[in-house]
Amino acid sequence: NAAAFLLPPARLAALHAAELARHGERFAASVAACRANAAHYLLGAPLHWMADWPAPLAVERAEGARLVTVDGVELIDFCLGDTAAMFGHSPPALVAALAREAERGLSAMLPGAEAAATGAALEAAFGMPVWQFAATASDANRFLLRWARAVTGRQAIVVMDGCYHGTVDETLVDMADDASPATQPGGGATAAPPPGLGADGRPRAVRRPSILGPAWDASATTRVVPFNDLAALDAALADGQVAALLAEPALTNCGLVLPEPGYWREAAALARRHGTLLLIDETHTLSAGPGGWARSAPARAEGVAPDAVVIGKAIAGGMPCAVTGVTAELAARMTAAKRAAPPGHSGIGTTLAGSRLAVALVGSMLREVMTPAAWEAMDARAAEATAGIAAAIARHRLPWCVSRLGARLEFQFRPEPPRDAAGARAAMDDALEAFVHLALLNRGIVITPFHNMLLCSPATSAADVAALVAAFDEVCALIAGAAD
Ligand code: PMP
């Protein structure tokens, strides 16, 4: 790709080695802590994802937009727990609620006194009248797909190429690019269908190769379409067998891919026409603003009205919790499906979901933390960060771009923002990415370890953003200086 062409691998490797040496000195205690963990944990960390950071890092505490490492180094955090702490680490109101509620019992498998107030706050924020709790966004999506099948009586689902909805087996698929030639009734082969289309002309899924231990081949019931491609979506829905279209309104998990104007108006209309439920996963796109993307001005202007939304991670400030909101109409169908089923396990829900603690914390977040002033600050800081990063890219003449969805932004190693996952993937460069992350870390800046995603919290100050931009500019200068 353009960036790799610009920077010969040997020069990048030399830059990387220099940063690694610098990290080893500055973060010696982190290196030691991670080494000690390796004696106790699979792949060296309590969750093996934690081994995916560009270099060892261990945290002594996190507060607001800051991480303090075990080395005593203070870092400005634009990762924010990969969205869990999008409203800042340990917001004081949430900490107070946690202390207050923890004394009154953590989980009794009964609703607490505050459940109705939290339900009202959820409706006020997101517009959906009926809610369910889950412990994680992965679970919320998994359960919602089950409900969708139960109420439609259909088996298939559609997801976007490049999607991530958590550890939901049936969504862990990619788009096929090796479609076999279609066979005509007479036996003669026609021309091969375009990439990603099966022999029947419908978009086709393949198991994501990195997934460990899959129980079955999800491509049997999951169809996958490129983002921003209405013709492919129409083809995927056309046979009337699709229970649900589960999508992020903007792809955020393979780099940021924004919807083209009008895409969701048409996509939602297609889903409605084919009797397919539109399930919007707002776990990351909550960054778009109060009420998430589905309540944003563009979504309202296009008249997009999902049947359900899922919001996880940040909704309880980083305590394990996710919520699912549904329309009154879908709620009625779900209620009927449950009543019609034999008594016993529904396959939906987990013991710790909807605890009185979780319900209370969501109420606290909505009322006291996710305030209009908080949203305004996040948006303003992210706009400044985007402008600063764009200016640095231009100053150093790098063939890169940056795009933004409210409080979330992403720089990508390609000149223009991609319109689908294939474009986003083509711009990925693991070695360059690892170097940029490490070099930013050595300059006091933490960004999400997966691709080049940043978030601004209400605690992120204008000075924090200025420090980010200065560090990014320095890193760009190193790259431009080493390029041909
Ligand atoms: N949905 C989206 C859009 C996500 O990005 C993620 C996690 N990155 C999830 C769901 C799953 O969240 P969790 O890991 O908390 O279950």
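The values are calculated or read from the model by the stated rules, or taken from the named source; none is laboratory data. Keep in mind the model is a prediction, meaning the values are calculated, not measured. Methodologically, a virtual Cβ is constructed for each residue, glycine included, from the backbone with ideal geometry; neighbour enumeration extends over all protein chains shown.
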Handout entry: Residues (under 24 Å from PHE87 (Cβ atoms) and crowded, with 16+ Cβ neighbours inside 10 Å) located in segment 18-62
Key = MET50, TRP53, LEU57, ALA58, ALA62
Completion exercise
Across (1) surrounded by 20 or more Cβ atoms within 10 Å (Cβ to Cβ); (2) within 16 Å of the ligand (Cβ to nearest atom); (3) among the polar types (S, T, N, Q), THR118 clears everything bar (2)
Practice task
Would you tally the residues in segment 440-484 being within 18 Å of HIS89 (Cα to Cα), in contact with a Pro (Cβ under 9 Å, 6 or more places away or on another chain) and either assigned to a helix (DSSP H, G or I) or acidic (Asp, Glu) (or both)?
Solution key: 0
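Every residue, every condition in (1) in a loop (DSSP other than H, G, I, E, B); (2) aliphatic (A, V, I, L, M), yes or no:
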{"site": "PHE87", "(1), (2)": "yes, no"}
{"site": "ALA96", "(1), (2)": "no, yes"}
{"site": "LEU110", "(1), (2)": "yes, yes"}
{"site": "ALA117", "(1), (2)": "no, yes"}
{"site": "GLN132", "(1), (2)": "no, no"}
{"site": "VAL151", "(1), (2)": "no, yes"}
Practice task
Filter segment 365-416 for residues that are farther than 20 Å from ASN452 by Cβ and not aliphatic (A, V, I, L, M) and give the result.
Solution key: ARG367, GLU368, THR371, PRO372, TRP375, GLU376
Handout entry: Residue satisfying condition, being more than 25 Å from MET50 (Cβ to Cβ), within 14 Å of the ligand (Cβ to nearest atom), of a type outside the set (A, V, I, L, M, F, W, C) and not assigned by TED's automatic domain parsing to the domain that holds ALA382, within set GLU170, GLU101
Key = GLU170
Handout entry: Out of THR69, THR136, sole residue that is of a type in the set (Ser, Thr, Tyr), modelled with pLDDT of 95 or more and in contact with a Pro (Cβ under 7 Å, 6 or more places away or on another chain)
Key = THR136
Exercise for the section: Pull up segment 121-137, narrow it to residues that are within 20 Å of ALA294 (Cβ to Cβ) and within 16 Å of the ligand (Cβ to nearest atom), then point me to the one that is surrounded by the most Cβ atoms within 10 Å (Cβ to Cβ). Expected result: ALA137
Practice task
Kindly establish whether ASP307 is within 11 Å of ALA247 (Cα to Cα) and either out of contact with any Asp or Glu (no Cβ under 9 Å at 6 or more places or on another chain) or not hydroxyl-bearing (Ser, Thr, Tyr) (or both).
Solution key: no
Completion exercise
Out of (1) away from the ligand (no atom under 16 Å from the Cβ); (2) under 25 Å from GLY291 (Cα atoms), the one VAL159 does not meet is (1)
Practice task
Test GLU282 against the stated conditions and say whether it is within 21 Å of the chain's Cα centre (by Cα), within 16 Å of the ligand (Cβ to nearest atom) and modelled with pLDDT of 95 or more.
Solution key: yes
Completion exercise
Given (1) in contact with an Asp or Glu (Cβ under 7 Å, 6 or more places away or on another chain); (2) free of Cβ contacts under 8 Å to residues at least 40 places away in the same chain; (3) of a type in the set (A, V, I, L, M), ALA421 misses just (2)
Exercise for the section: Have a look at GLY444, GLY423 and point out the one that is touching a strand residue (DSSP E or B) at 6+ places or on another chain (Cβ under 9 Å) and on the phi > 0 side of the Ramachandran plot. Expected result: GLY444
Exercise for the section: Pick out, from segment 286-378, the helices (runs of 4 or more DSSP H) lying fully within it that include 2 or more residues that are within 15 Å of the ligand (Cβ to nearest atom) and either out of contact with any helix residue (DSSP H, G or I) (no Cβ under 6 Å at 6 or more places or on another chain) or modelled with pLDDT of 95 or more (or both). Expected result: 356-364
Exercise for the section: Collect the residues in segment 203-249 that are buried (at least 24 other Cβ atoms within 10 Å of the Cβ), assigned to a loop (DSSP other than H, G, I, E, B) and modelled with pLDDT of 90 or more, keeping them in residue-number order. Expected result: PHE227, GLU248, PRO249
Practice task
Taking ALA55 as the residue in question, decide whether it is under 17 Å from GLY363 (Cα atoms), outside the structural domain of ALA316 (by TED's automatic domain parsing) and not basic (Lys, Arg).
Solution key: no
